[in-house]
1. Applying 1/(1 + (r/R0)^6) with R0 = 41 Å to the Cβ-Cβ distance of Asp75 and Thr139, what FRET efficiency is obtained, to the nearest 0.05?
2. Under the rule of at least 5 residues apart or a separate chain, name every residue whose amide H is placed under 5 Å from the amide H of Val136.
3. Of Ile47, Ile154, Ile26, how do they rank once you tally other Cβ atoms within 10 Å and put the fewest first?
4. Show the residues, 5+ positions off or on another chain, whose built amide H is closer than 5 Å to the amide H of Lys220.
5. Quick one: Val110, Val224, Val34, fewest Cβ neighbours within 10 Å first, how do they rank?
6. Residue-wise, which Karplus ³J(HN,Hα) couplings in Hz belong to the stretch 122-139, taking 6.51 cos²θ - 1.76 cosθ + 1.60, θ = phi - 60°, and x for glycine or proline?
7. Just how far, in whole angstrom, is the stretch 197-236 from the stretch 124-180 if you go by their alpha carbon centroids?
8. Taking the beta-carbon count within 10 Å as an exposure proxy, list Arg77, Arg23 from fewest neighbours to most.
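All of the numbers you see were taken from the coordinates with simple rules; none came from a lab. None of these values were measured; they are calculated from a predicted model. Neighbour counts are summed over all protein chains in view; Cβ atoms, including those assigned to glycine, are modelled from backbone coordinates with ideal geometry.
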Amino acid sequence: MKRLRWLIFIPVLILVFAALRIRHFIKSDLDSYVNVLSSTNEAFIFIGRSTTGESGSGVGILLKTLLTIYPHTVDERDDLIVIHIKEGQISKSDLRNFGYSGSAFPFHGVIYFMRGGQQAEWPLLWKWNGTGFTKVEKTAALQIANSFSFTDAIIKAEGWKEARARFDRGETAIAFPLESGQCIVTLNQEVKNEEIIKTVRVRGEGYSIHEETLTRVEAKSRKVSKSEYFQELKAF
């Protein structure tokens, strides 16, 4: 009889430990919109990416999922992917934890990125340095921000154009002139095994750019190690 009890107790104990073991999950997705800022010989493509994570025991995560009427906190990180195209060359900068809310605009031939904030913080302004954005100190930021009323007006005045496309099921595209040809940015959204896959590609027509995948994200939750979870969401 005692042996039978142990044979029952041990598997139950293993199941309990498995249910209470801490697990880590992360999920990435692309923002619904992709923005393009272009002149006659240069273009910037801005792609937002969000990563969320959740950790806890299997039982705890299941309970939080079931009780979705009650908000629960998750770890989050928002990134901005910047694609720079000039003279037939494509360069990519992955600005982790920079955030993607805001707008880009040219000013005296230089690209800036601005977003809102508390009145004491405004304006939040960054200057493109070739590989990323550098924060502009407040006095200089105020001088630039107060020199125009709307970003679309300064974009037009500087001789640039702005365009955007939205992910939808299937394929959507943005086409804009670049040097002697045109550049086409394609957004593709497909569903495989009930998971959404988003892909952004670029190609040139009459312009020396071969088709290239800029980013691809499968919007599904995946299990990761504790160290990978920390690296993705806590090391900032």
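1. On the way: r = 35 Å, r/R0 = 0.86.
Computed FRET efficiency for Asp75 and Thr139: 0.70.
2. Leu125, Trp126, Lys127
3. Ile154, Ile26, Ile47
4. Sorted by chain and number, the residues that satisfy this are Ser28.
5. Values: Val110 12, Val224 18, Val34 26.
By the 10 Å Cβ count, ascending: Val110, Val224, Val34.
6. Result, rounded to whole Hz: 5, x, 8, 9, 10, 10, 5, 10, x, 10, x, 10, 9, 5, 9, 5, 4, 4.
7. With the stretch 124-180 and the stretch 197-236 each reduced to a Cα centre, they are spaced 22 Å.
8. Details: Arg77 20, Arg23 17.
Going from least to most buried by this count: Arg23, Arg77.
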